[in-house]
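Let me begin by presenting the structure, written as structure tokens, before commenting on it.
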Amino acid sequence: MGERLNLTRKLIADHLVSGTMEPGEEIGIRIDDTLTQDATGTLAYLMFEAMGLPRVRTNISVSYVDHQLLQVDTRNADDHVYLQDVAAKYGIHYSKPGNGICHQVHLERFSRPGDTLLGSDSHTPTCGGVGMLALGAGGQDVACAMAGLPFYLRMPKVLAIELRGKLQPWVASKDIILEVLRRLTVKGGVGRVFEYIGPGAGSLEVTDRATVANMGAEGGATTSIFASDEKVRRYFRGQGREEMYRLVQPDPDAEYDERMVIDLDRLEPLIAKPHSPDNVVPVRELAGLAVDQVAVGSCTNSSFQDLMTIADLVRGRTVHPRVNLVCSPGSRQVYEMIAANGALTDLIAAGARILESSCGPCPGLGAVPQTGAVSVRSFNRNFEGRCGAPGVNVYLSSPVVAAAAAITGEVVDPRALDRQPVRIRLPRAYKVDDRMILPPSESPDDVEIRRGPNIQPIPRRGPLDATLCGRVLTRVGDNVSTDGILPAHAHILALRSNVPAISEHVFALVDPEFVPRAKEHGGGFVVAGNNYGQGSSREHAALAPSYLGVKAIIAKSFARIHRANLANWGVLPLEFIDPSEYDLLDRDDELEIVDARAMLAAGVTEIPVRNATNGRTLLTRVDLSERQRGLLLVGGLLNAASGLDAVASHDRGATSGAGSAVVGAPAEPVGAR
């Protein structure tokens, strides 16, 4: 009798082009679709241009503008027109500013059960809600996927999360993923896919499933996925694209590496306290906590169902005098539908501020509350300072809990409200208007790409030195996120296409003197705790330290995407074999890794690091594939991919990738056209 395949293994097997499906082994898979957003897209497309291909080789690639819509000067607008021109020229669809958040729009208009999706955003797994194998990655990996090259990752274990029972009144799908995070923590999903099964999973609507799949990223999961079923078919029918539906399900009695059971009948409203998404407690434990701001939206909870829930709760009421309520519809479709049915009027009448269909407050791009504020948000991340400034206490909850706080001015268990539970009936047909999604040009040769002055060439890194030496530039603790490494605040993210300029803000919130220290000493090392680089896939958090001369990060452990991004940008990720030796390294210690290049080329897994300051030598581990080692030797994926003359003739689905042939002289600086 053959293996009874779970859905994850089925879809990986359908797309496998290299490697074996043994947990921990590197595999290469064929990518059907890609997405980018404007905070990461410029780098991805600059790299794609350097490959010299006339068109993308995916089924569908979409470039979204949803992050930096604050156009206080020309820099953001310049990036947007660059993205629009590149899309027209190279066969990419372009979702204009105002059309919505990439994950919400992709779910509505482009998702397809059974296909693979690679996005330059860590919340790309949102489309796992309809049965896609949707993965977040750095922009360089997305550029390679657009070129028809495989995407490489470690074969994950598959954790079956069995949902039993049914959500009770006032309990939301957001509470499911908060419960998962409460049990597993922000690093419990590393090396795992969360596959949701059971009757409780089947009871959830598509947008509920998308919420759960979206926030699996907060657990460090490779991705999250649900089977497709009749509810998915109905959703596709309502979106006017039932022909894209496909039934994808695990085999009966499928085998899983691990299992977890959540009884939805017993689940209660939950909330994540500052400053981590896994700091989860029952809402009732915080009842009475005064609230200053409530924010509803983000790629996690900005669907029609979510906005209608908020509107239902505030209808006929006024937001509490102390509370500033802001709402971000996830897409133009959602915006138009709540405008047509009167829900938008209810929100405005209650005192809500209606923001653009964008990421907005989630990464700190507007609606930053006052110092010391308590902000209850239906978002996915509450890292210190991510909201736009330090000193704000962000709590994560469902839209129901957020709306209850907006009305009462304090955290309240919605089950205690003196009213009937909210019940939202989903529409049979959604308003479909794709005029703000621009198709590629039919005359690509006629497209001239506009490049604003802030779009600068991407700096190259040279081949790995024979010996690595330098100072410990900073020493940071556990769970330092990519926002901690390089914040995404409005004044910083405007510099995303200018690496020298954005590099001035590395560790701005964690160690404000890091940049001058790195410049003074010509680079060096960073020492870190567990789960370094969690959160956003934003590769600037690897590229900017690389530009400043960081040679290696020595950490207790790494988040999946950030480890890959470090290798892609030529920075050596090393792990303490004995985590207690973290305490033996101090800032300004002089470190030396003799014969680093030779050891990496020879496949050595244990790398000695000598501390010249105290005379100690500690052992570190290199947990990289042979392909990734090759990337480091030549100075990163940009050098490897740009030097491949064969890329232009590479057959889609071939088993060799950019890292399997790392020869060739570096091309001209990307962006120097």
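Residues checked against (1) closer than 23 Å to Y430 by Cβ; (2) at pLDDT 95 or above; (3) touching a strand residue (DSSP E or B) at 6+ places or on another chain (Cβ under 8 Å):
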site	(1), (2), (3)
L117	yes, yes, yes
P125	yes, yes, yes
G128	yes, yes, yes
A137	no, yes, yes
G148	no, yes, no
F151	no, yes, yes
M155	no, yes, yes
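The rows are residues; the columns are (1) more than 25 Å from R460 (Cβ to Cβ); (2) of a type outside the set (S, T, N, Q); (3) touching a helix residue (DSSP H, G or I) at 6+ places or on another chain (Cβ under 9 Å); (4) surrounded by fewer than 19 Cβ atoms within 10 Å (Cβ to Cβ).
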position	(1), (2), (3), (4)
T8	yes, no, no, no
L11	yes, yes, no, no
H15	yes, yes, no, no
P23	yes, yes, no, yes
I27	yes, yes, yes, no
D38	no, yes, yes, no
A50	no, yes, yes, no
P54	no, yes, yes, yes
L70	yes, yes, yes, yes
Notebook entry, point to check: Inside the range 59-68, can you point out the residues that are surrounded by fewer than 24 Cβ atoms within 10 Å (Cβ to Cβ) and assigned to a loop (DSSP other than H, G, I, E, B)?
Noted result: N59
Next item on the list: Return yes when V368 is among the β-branched types (V, I, T), within 27 Å of I561 (Cβ to Cβ) and in a strand (DSSP E or B) and no when it is not.
Entry: no
Check: Does the range 55-82 hold any residues that are under 21 Å from A488 (Cα atoms), of a type outside the set (G, A, S) and over 19 Å from the mean Cα position of the chain (by Cα), and which are they?
Finding: L70, Q71, V72, D73, T74, R75, N76, D78, D79, H80, V81, Y82
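For every residue, the table says whether it meets (1) within 30 Å of G139 (Cβ to Cβ); (2) not small (G, A, S).
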site: V412; (1), (2): no, yes
site: D433; (1), (2): yes, yes
site: S441; (1), (2): yes, no
site: D465; (1), (2): yes, yes
Margin query: Every residue in the range 239-276 that is within 25 Å of P169 (Cβ to Cβ) and buried (at least 19 other Cβ atoms within 10 Å of the Cβ), please.
Written below: I262, L264, L267, P269, L270, I271, A272
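Yes/no per residue for (1) over 25 Å from the mean Cα position of the chain (by Cα); (2) within 23 Å of S557 (Cβ to Cβ):
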position	(1), (2)
V432	yes, no
R450	yes, no
P459	no, no
V476	no, yes
H489	no, no
N498	no, no
Note to self: Quick check on this structure: which one of R284, R259 is among the basic types (K, R) and in a strand (DSSP E or B)?
What the structure shows: R259
Check: Within the range 495-523, how many residues are under 20 Å from G470 (Cβ atoms), small (G, A, S) and either crowded, with 21+ Cβ neighbours inside 10 Å or in contact with a Lys or Arg (Cβ under 7 Å, 6 or more places away or on another chain) (or both)?
Finding: 3
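Considering the range 233-251 alone, what residues qualify as being among the acidic types (D, E) and more than 30 Å from E3 (Cα to Cα)?
Result: E242, E243.
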Note to self: From the list A567, A601, exactly one residue is among the small types (G, A, S), in the same structural domain as A528 (by TED's automatic domain parsing) and without any contact (Cβ under 8 Å) to a residue 60 or more places away in the chain. Which is it?
What the structure shows: A601
Notebook entry, point to check: Where residues in the range 173-187 are part of a loop (DSSP other than H, G, I, E, B) and in contact with a strand residue (DSSP E or B) (Cβ under 9 Å, 6 or more places away or on another chain), which of them is surrounded by the most Cβ atoms within 10 Å (Cβ to Cβ)?
Noted result: V186
Checklist line | Listing of strands (runs of 3 or more DSSP E) fully contained in the range 115-163 that carry 2 or more residues being acidic (D, E) | finding: none
Item checked: Restricting the range 195-216 to residues that are in a helix (DSSP H, G or I) and charged (D, E, K, R), the residue that is nearest to the chain's Cα centre (by Cα) -> R209
Notebook entry, point to check: What number of residues within the range 371-393 are surrounded by fewer than 24 Cβ atoms within 10 Å (Cβ to Cβ) and not in a loop (DSSP other than H, G, I, E, B)?
Noted result: 2
Notebook entry, point to check: Going by the structure shown, is A221 assigned to a loop (DSSP other than H, G, I, E, B), at pLDDT 95 or above and within 18 Å of E179 (Cα to Cα)?
Noted result: yes
Notebook entry, point to check: Considering only residues of the range 353-369 that are in contact with a strand residue (DSSP E or B) (Cβ under 7 Å, 6 or more places away or on another chain) and either modelled with pLDDT of 90 or more or of a type in the set (S, T, N, Q) (or both), which is surrounded by the most Cβ atoms within 10 Å (Cβ to Cβ)?
Noted result: S357
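Residue check: is V319 modelled with pLDDT of 95 or more, in a loop (DSSP other than H, G, I, E, B) and over 25 Å from L204 (Cβ atoms)?
Working: modelled with pLDDT of 95 or more: yes; in a loop (DSSP other than H, G, I, E, B): yes; over 25 Å from L204 (Cβ atoms): yes.
Criteria met by V319.
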Next item on the list: Please go through the range 1-41 and pick out each residue that is in a helix (DSSP H, G or I) and among the hydrophobic types (A, V, I, L, M, F, W, C).
Entry: L7, L11, I12, A13, A39
Check: Is it fair to say V526 is surrounded by 24 or more Cβ atoms within 10 Å (Cβ to Cβ), farther than 19 Å from R386 by Cβ and either of a type in the set (A, V, I, L, M) or assigned by TED's automatic domain parsing to the domain that holds R192 (or both)?
Finding: yes
Next item on the list: Those residues that are of a type in the set (D, E) and crowded, with 24+ Cβ neighbours inside 10 Å, I need them from the range 125-167; list them, please.
Entry: D141
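Checking the conditions here, which among A494, A508 is among the small types (G, A, S), touching a helix residue (DSSP H, G or I) at 6+ places or on another chain (Cβ under 8 Å) and free of Cβ contacts under 8 Å to residues at least 24 places away in the same chain?
So the residue among A494, A508 that is among the small types (G, A, S), touching a helix residue (DSSP H, G or I) at 6+ places or on another chain (Cβ under 8 Å) and free of Cβ contacts under 8 Å to residues at least 24 places away in the same chain is A508.
The values are calculated or read from the model by the stated rules, or taken from the named source; none is laboratory data. Just so it is clear, the structure is predicted and the values come from calculations on it, not from any experiment. Quick reminder, even Gly has a Cβ in these numbers, built from the backbone with ideal geometry, and neighbours come from all protein chains shown.
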